[in-house]
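The values are calculated or read from the model by the stated rules, or taken from the named source; none is laboratory data. Bear in mind that the values here come from a model prediction, so they are computed numbers and not experimental data. For neighbour counting, all protein chains shown are included, and Cβ atoms are generated from backbone atoms with ideal geometry for every residue, glycine included. SASA here: full protein model, heavy atoms, side chains in, ligands and nucleic acids out. Shrake-Rupley method; radii C 1.70, N 1.55, O 1.52, S 1.80 Å.
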Amino acid sequence: MATFNAPDLYSKSRHMGGYGNTTVVYGSVTPTAGAVGDIYRSVIIPAGTDVTDVDIVNDDLDTNVSPTIACKVGYAPLNAADGPAAVDDYFAAAGKTFLNTAGRTSLAFQPVKFEKPVFLTITLSAAAATFAAGKVTAIVKGDAAGIK
């Protein structure tokens, strides 16, 4: 099992400006493997963000059609001691196969607010039959409500 981070994961600037509360954060990771349990972390969701939308834009990471690469999408705290508890399938349950075809996928979930920063995690629940390196980008949109 391996973890792959976006190169700018810790250094990307965070915006909470005076022209409204809408916030968009995004990041890309280019994994080099597609085994069960691999975790792709492309973006940090800032503390105080009320997340309303998550889109995944990806290249085709599995050039074979059967069996196909599958995943779930959730979140994990930057610091486990600070919380919140990780939920690895909050944004999408296990078995999603969108990484098998290049494209953009909008995920359906109940909005959630994070009081502490979290990683958006894509965890593979089925391995790629024929892995092909490519980019996976997460786009997170919501309201920069601020922390308590």
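Brief remarks on what is shown
- Screening Tyr10 on (1) farther than 17 Å from Ser125 by Cα; (2) not in a loop (DSSP other than H, G, I, E, B) shows it passes everything except condition (2).
- Any hit, the stretch 10-30, residues being more than 15 Å from Val140 (Cβ to Cβ) and modelled with pLDDT of 95 or more: yes
- Test result for Gly48, surrounded by 15 or more Cβ atoms within 10 Å (Cβ to Cβ), modelled with pLDDT under 95 and of a type in the set (Gly, Ala, Ser): yes
- Verdict on Val112 being modelled with pLDDT of 95 or more, out of contact with any Leu (no Cβ under 7 Å at 6 or more places or on another chain) and either under 18 Å from Ile147 (Cβ atoms) or of a type outside the set (A, V, I, L, M) (or both): yes
- Within the stretch 76-131, the set of residues being open to solvent by 50 Å² or more (accessible area, probe 1.4 Å), under 22 Å from Asp143 (Cα atoms) and small (Gly, Ala, Ser) comprises Ala85, Ala86, Ser106, Ala108.
To keep it simple, each residue is scored yes or no on (1) charged (D, E, K, R); (2) under 12 Å from the mean Cα position of the chain (by Cα).
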position: Ala85; (1), (2): no, no
position: Asp88; (1), (2): yes, yes
position: Phe98; (1), (2): no, no
position: Thr137; (1), (2): no, yes
position: Gly142; (1), (2): no, no
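- Entirely in the stretch 41-148, the strands (runs of 3 or more DSSP E) that have 3 or more residues that are farther than 22 Å from Val24 by Cα: 87-96, 118-126
- Any hit, the stretch 56-75, residues being over 25 Å from Ala126 (Cβ atoms) and surrounded by 13 or more Cβ atoms within 10 Å (Cβ to Cβ): no
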